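K.L.:
Before anything else, here's the structure in question.
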């Protein structure tokens, strides 16, 4: 099987790298800079990506003619539209460019791009029909990803399940055969109509952000009611009706390139369908509150030098898009605090946002020497491994993730989600 991946971004490139381990694969992108970077095989922060590019010799190209001979063509172009969630327009533009090369009766077009609920029926299928793609190829599939940035390569190779929406069973089977070659027989594959899998992607996103929001509400409630957020999470995880241990961790709110847009998408779809948007509004409000209450807490200490350990939106990535630690820094800058940021991978992107208004370091010891107040913004392993004796007795340590709960530093230690004697 010969495979093409159109759109070599944060999703498409890890997919192409994994596919190249098993199949003859080409990565196609309109940006020459992206193509050159792929062929140079270096400069990638996503774990394992650079190694796979070198080991399996994936090639990049901007020549769309290369997809003509491919049996399976994935499309992974971006679709995020701030304020609306997702838009199908970037995908339809890509499909129009691809259409002249989609001419083989054995080809399957597999769309990974996240779509608005109505877009498949109202925009994508009409676009493909207008350009005669529907009649020319074997079929169309919708194959949304369930990967996490910072773990994308592993998530593609070891998924919990796979979703396939299909225009016909032959197309769905061909895509299923591809995935079985990559992941083996263990993960369950759900196959259904195109529209049903588009809906499934939105429902999964909604459940994930609700899970995070629930635990942040639980965390604050525990502080006020002398509770213990970690105990509450253990109880919830023990209930079979509330499946899965991931994300049962109260702390700062969600950020990154997906969840904030997912919430906008949920709101936009509810508004379009005449459903009250109060749930999506509440999710946004509760998530934003994690920034508000953290800033209020730090401000209550007066004008102090503040060290923020971690500024990416999560560990194991360089991405600071919609990062709450970054937003906290921006808010504190406006109040004229002196700030030093420490992060293993995110300093370059943070510098683009904050410029010279803060100090930067990759060395946690320098950050701890600088700060009177220390905010543990991100659960980087490097920070969790710090000796609690590294903190000074005169410091105030704010720990939203309770990283030092089992061995708290001998200073003013404020973990989120633990009431009563948890603070000291």
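K.L.:
Residue check: is residue 247 surrounded by fewer than 22 Cβ atoms within 10 Å (Cβ to Cβ), outside the structural domain of residue 417 (by TED's automatic domain parsing), closer than 26 Å to residue 294 by Cα and in contact (Cβ under 8 Å) with a residue 12 or more places away in the chain?
P.N.:
no
K.L.:
Report yes if residue 409 is surrounded by 19 or more Cβ atoms within 10 Å (Cβ to Cβ), under 17 Å from residue 308 (Cβ atoms) and touching a residue at least 60 places away in the same chain (Cβ under 8 Å), otherwise no.
P.N.:
no
K.L.:
Among residues belonging to segment 379-403 that are out of contact with any strand residue (DSSP E or B) (no Cβ under 7 Å at 6 or more places or on another chain) and in contact (Cβ under 8 Å) with a residue 24 or more places away in the chain, point out the one that is surrounded by the fewest Cβ atoms within 10 Å (Cβ to Cβ).
P.N.:
Here the answer is 381.
Residues are listed down the side, and each one gets a yes or a no for (1) assigned by TED's automatic domain parsing to the domain that holds residue 246; (2) surrounded by fewer than 19 Cβ atoms within 10 Å (Cβ to Cβ); (3) in contact (Cβ under 8 Å) with a residue 12 or more places away in the chain; (4) on the phi < 0 side of the Ramachandran plot:
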position: 261; (1), (2), (3), (4): yes, no, yes, yes
position: 268; (1), (2), (3), (4): yes, no, yes, yes
position: 274; (1), (2), (3), (4): yes, yes, no, no
position: 287; (1), (2), (3), (4): yes, no, yes, yes
position: 293; (1), (2), (3), (4): yes, yes, yes, yes
position: 296; (1), (2), (3), (4): yes, yes, no, yes
position: 301; (1), (2), (3), (4): yes, yes, yes, yes
position: 304; (1), (2), (3), (4): yes, yes, yes, yes
position: 320; (1), (2), (3), (4): yes, no, yes, yes
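K.L.:
Got a sec? Which of 124, 111 is crowded, with 21+ Cβ neighbours inside 10 Å, under 28 Å from the mean Cα position of the chain (by Cα), modelled with pLDDT of 95 or more and over 16 Å from residue 174 (Cβ atoms)?
P.N.:
Every option except 124 fails the conditions.
K.L.:
I'd like to verify a number: residues in segment 140-155 that are under 12 Å from residue 107 (Cβ atoms) and surrounded by fewer than 21 Cβ atoms within 10 Å (Cβ to Cβ), how many?
P.N.:
Looking only at that region, the number is 0.
K.L.:
In segment 322-338, what residues are in contact (Cβ under 8 Å) with a residue 12 or more places away in the chain and assigned to a helix (DSSP H, G or I)?
P.N.:
324, 325, 326, 327, 328, 329, 330, 331, 332, 333
K.L.:
So if I check each of 229, 171, which one is buried (at least 17 other Cβ atoms within 10 Å of the Cβ), within 26 Å of residue 284 (Cα to Cα), touching a strand residue (DSSP E or B) at 6+ places or on another chain (Cβ under 8 Å) and modelled with pLDDT of 90 or more?
P.N.:
That would be 229, the only listed residue that is buried (at least 17 other Cβ atoms within 10 Å of the Cβ), within 26 Å of residue 284 (Cα to Cα), touching a strand residue (DSSP E or B) at 6+ places or on another chain (Cβ under 8 Å) and modelled with pLDDT of 90 or more.
K.L.:
Right, another one. Going through 122, 168, 143 one at a time, which residue ends up being touching a residue at least 24 places away in the same chain (Cβ under 8 Å), at negative phi and out of contact with any helix residue (DSSP H, G or I) (no Cβ under 7 Å at 6 or more places or on another chain)?
P.N.:
Answer to the selection: 168.
K.L.:
Only one of 345, 366 is outside the structural domain of residue 43 (by TED's automatic domain parsing), out of contact with any helix residue (DSSP H, G or I) (no Cβ under 8 Å at 6 or more places or on another chain) and without any contact (Cβ under 8 Å) to a residue 60 or more places away in the chain. Can you tell me which?
P.N.:
366
The values are calculated or read from the model by the stated rules, or taken from the named source; none is laboratory data. Keep in mind the model is a prediction, meaning the values are calculated, not measured. As a convention, Cβ positions derive from the backbone with ideal geometry for all residues, glycine included, and neighbour counts pool all protein chains shown.
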